[in-house]
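The values are calculated or read from the model by the stated rules, or taken from the named source; none is laboratory data. What you see is a predicted model; the values in this text were computed from it and never measured. Here the Cβ is made from the backbone with ideal geometry for all residues, glycine too, and neighbour counts use every protein chain on show. Just the protein is used for accessible areas: all its heavy atoms, side chains included, with ligands, DNA and RNA removed. Shrake-Rupley method; radii C 1.70, N 1.55, O 1.52, S 1.80 Å.
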Amino acid sequence: MVKTGLAAGLNKGHVVTERVVKPKPSARKGFLGKHTKFVRDIVREVAGLAPYEKRICELLKIGKDKRALKVAKRKLGTHLRGKKKREEMMNVMRAQAAAAHKH
């Protein structure tokens, strides 16, 4: 907000021109880089799914989405991580189905 030059009120303070500050490197924390994504994809391709991930896939195949979420949540610790993993497994299964359909 623009300062008013007054000592009181919502926008109190001396009138100055705002500087454009370059974002800090720490602002990037948590964003997925190209190389990291590449490495993770290679590892997933080579190593395949973990046993609990296979179990989640089986539960999703038979339509037990809630149970799949419970399994994921139990293994990963939080509800949000569980939801994310369930969604990831759905995408993996979709990709497998598309690959099978293509051949």
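The Cβ shell under 13 Å around Cys57 holds other residues with a net charge of +3, Lys and Arg each +1, Asp and Glu each -1.
For Leu10, Leu69, give me the order by solvent-accessible area with a 1.4 Å probe, most accessible first, ignoring ligands, DNA and RNA.
Details: Leu10 175, Leu69 25 Å².
Ranking Leu10, Leu69 by accessible area, largest first, yields Leu10, Leu69.
Given a Förster distance of 41 Å, report the FRET efficiency between Lys64 and Leu6 from their Cβ-Cβ distance, rounded to the nearest 0.05. Could you put the intermediate results ahead of the total?
Values: r = 64 Å, r/R0 = 1.55.
The formula returns an efficiency of 0.05 here.
In the context of the full set of protein chains, the chain has a per residue accessible area of 91 Å² (1.4 Å probe).
Per 0.36 nm of contour for each residue apart, how much would the distance between Lys75 and Asn91 grow if the chain were fully extended, relative to their Cα-Cα spacing? All intermediate terms of the calculation are to be shown ahead of the outcome.
Values: separation 16, 0.36 × 16 = 5.76 nm, distance 1.91 nm.
Length gained between Lys75 and Asn91: 3.9 nm.
For Cys57, put the label point 7 Å out on the Cα→Cβ axis and report which residues of segment 78-103 keep their amide N under 13 Å from it. Zone members listed by number: 88-100. Using +1 at the Cβ of each Lys and Arg and -1 at the Cβ of each Asp and Glu in segment 1-46, identify which of Gly30, His14, Met1 lies farthest towards the dipole's positive end. Farthest towards the positive end: Gly30. Within the shell defined by Cβ-Cβ distances under 13 Å, the residues around Gly33 carry a net charge of +4, with Lys and Arg each +1 and Asp and Glu each -1. Normalised by 2.2 N^0.38 Å, with N the number of residues, the alpha-carbon radius of gyration of the chain equals 1.87.
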